[in-house]
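To start, the structure under review is shown below, and the notes come after it.
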Amino acid sequence: MEVPTLILGAGAAGLMCAAHAGPGTLVVDHARSPGEKIRISGGGRCNFTNTGTEPERFLSANPHFAKSALARYTQWDFLGLVQAHGIAWHEKTLGQLFCDGKATQVVAMLRDELTRAGADLWLRTEVAEISHDGHAFRVALDREGTRIHVTARALVLATGGLSIPKMGATGAAYRIARQFGHQIVETRAALVPLTFTGTALDPLAALSGVSAPARAIAGGTAFEESVLFTHRGLSGPAILQASSYWHEGAPVVLDLDPAGRLLPALRDARATEGRRAPARAVAQHLPQRLVAARLPDDLPPRLADCSDAALDRLIARFRDWRLTPSGTEGYRTAEVTAGGIDTAGLSSKTMESRHLPGLYAIGEAVDVTGWLGGYNFQWAWSSGWAAGRAIRARA
């Protein structure tokens, strides 16, 4: 069987690429349904892009690599596609765009675009062997108990990374890329909760279930959203964001008063309500359990007796809480995989391999990782579009 283009992976990037790569394109995936990450994202409503998408909000060994694709197929382009299909949407905090209805609307939209483009989709299909004969790719596929040999001029790696293995993540793109001479930037779980062990876990586990606005700082990068204390450590949007910048052995700093209102409020209370206990005054601004856990033991019983130095020490307990995680929850719960196929071996304009013409890599398989909030989907749309348009232009 001969096809012009074979796309491995029916996730966000693969489906997007198929919609633009030209008629006769074949998309294969071992899953029962396409777009499974789309389906579960955003609590089932799909945070499909972010109005604040810009290259600075993506991690990569080459921070410039994502610029071309993101500039040529923007968040507004994808939003236009969503609107053209009549999908109602809304904006949440920090520019996050969600479907009003179900995430499956986005999957259906991409399937419609794929069909309209003259592409085909095979599910429950395994890749057995891949080779290149100097002119085309030769791929052996196992489908419904039958071995099918496919020849394709273009091969697109869109199988994603290692995150959420229960959904079928295997890292296949890395193995195939290595087969054809590509380097892999070391992978790690990203957008993932941080875990602690031993005595370092005790104060956090005692706060399990408590959530508070905070600034989380890791690797010199700060994120201001909510933090959630868990029985295993730290989670919540600010922590998930910071986790992408955290490396083993390094601390994470929590600022539980990111707006800096606590010290002025305590000074005012000391002047007008000096008999009030410091714990009660702080608890007006932070969760009571958190206050009890972080309040210094040597603090005077009344605000009136607290010197400026004592208030400074108290504030430091909440604004400069340094914690060293033992690790993360790993790929099991990570929203994305950081690292991946080294961008040095790819064209930033077309996503085509610099080692083997006709080979492309897109989406999460590539060493480009976005922030939380729709950025990684936008990278899937942009990189899939770039590869698809390049393939069609060469047809």
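The values are calculated or read from the model by the stated rules, or taken from the named source; none is laboratory data. Since this is a predicted model, take the numbers as computed values, not measurements. Every residue, glycine among them, receives a Cβ derived from its backbone with ideal geometry; neighbour counts consider all protein chains shown. Heads up: the accessible areas ignore ligands, DNA and RNA and are worked out on the full protein's heavy atoms, side chains in. Shrake-Rupley method; radii C 1.70, N 1.55, O 1.52, S 1.80 Å.
Entry remark, segment 216-226: residues being touching a strand residue (DSSP E or B) at 6+ places or on another chain (Cβ under 8 Å) and over 19 Å from residue 284 (Cα atoms) number 7 in total. Inspect all residues belonging to segment 318-335 and state whether any of them is closer than 25 Å to residue 240 by Cα, outside any loop (DSSP other than H, G, I, E, B), under 33 Å from the mean Cα position of the chain (by Cα) and of a type in the set (D, E, K, R). Scanning segment 318-335, I find at least one residue that is closer than 25 Å to residue 240 by Cα, outside any loop (DSSP other than H, G, I, E, B), under 33 Å from the mean Cα position of the chain (by Cα) and of a type in the set (D, E, K, R), so the answer is yes. Candidates 343, 333: the one that is among the polar types (S, T, N, Q) and open to solvent by less than 10 Å² (accessible area, probe 1.4 Å) is 343.
Annotation: of all residues in segment 78-107 being of a type in the set (Gly, Ala, Ser) and either in contact with a strand residue (DSSP E or B) (Cβ under 6 Å, 6 or more places away or on another chain) or surrounded by 15 or more Cβ atoms within 10 Å (Cβ to Cβ) (or both), the one that is farthest from residue 49 (Cα to Cα) is 103. Restricting attention to segment 243-275, the residues that are of a type in the set (Asp, Glu) and under 18 Å from residue 227 (Cα atoms) add up to 2. For segment 21-28, the criterion of a residue being open to solvent by less than 20 Å² (accessible area, probe 1.4 Å), touching a Leu at 6+ places or on another chain (Cβ under 7 Å) and not β-branched (Val, Ile, Thr) is satisfied by at least one position. Consider segment 55-77 and keep the residues that are more than 18 Å from the chain's Cα centre (by Cα) and of a type in the set (A, V, I, L, M, F, W, C). The one that is most open to solvent (accessible area, probe 1.4 Å) is 76.
For segment 37-46, name all the residues that are farther than 17 Å from residue 15 by Cα and buried (at least 16 other Cβ atoms within 10 Å of the Cβ). Write out each step before concluding.
Narrowing segment 37-46 to residues farther than 17 Å from residue 15 by Cα: 42-45.
Selection gives 42, 45.
Which one is farthest from residue 159 (Cα to Cα), of the residues in segment 42-56 that are out of contact with any strand residue (DSSP E or B) (no Cβ under 6 Å at 6 or more places or on another chain) and part of a helix (DSSP H, G or I)? If we take residues in segment 42-56 being out of contact with any strand residue (DSSP E or B) (no Cβ under 6 Å at 6 or more places or on another chain) and part of a helix (DSSP H, G or I), then 56 is farthest from residue 159 (Cα to Cα). For segment 261-275, the set of residues classified as over 15 Å from residue 310 (Cα atoms) and in contact (Cβ under 8 Å) with a residue 12 or more places away in the chain consists of 261, 273, 275, listed by residue number. Candidates are the residues of segment 336-359 that are in a strand (DSSP E or B) and not hydroxyl-bearing (Ser, Thr, Tyr); the one that is nearest to residue 43 (Cα to Cα) is 336.
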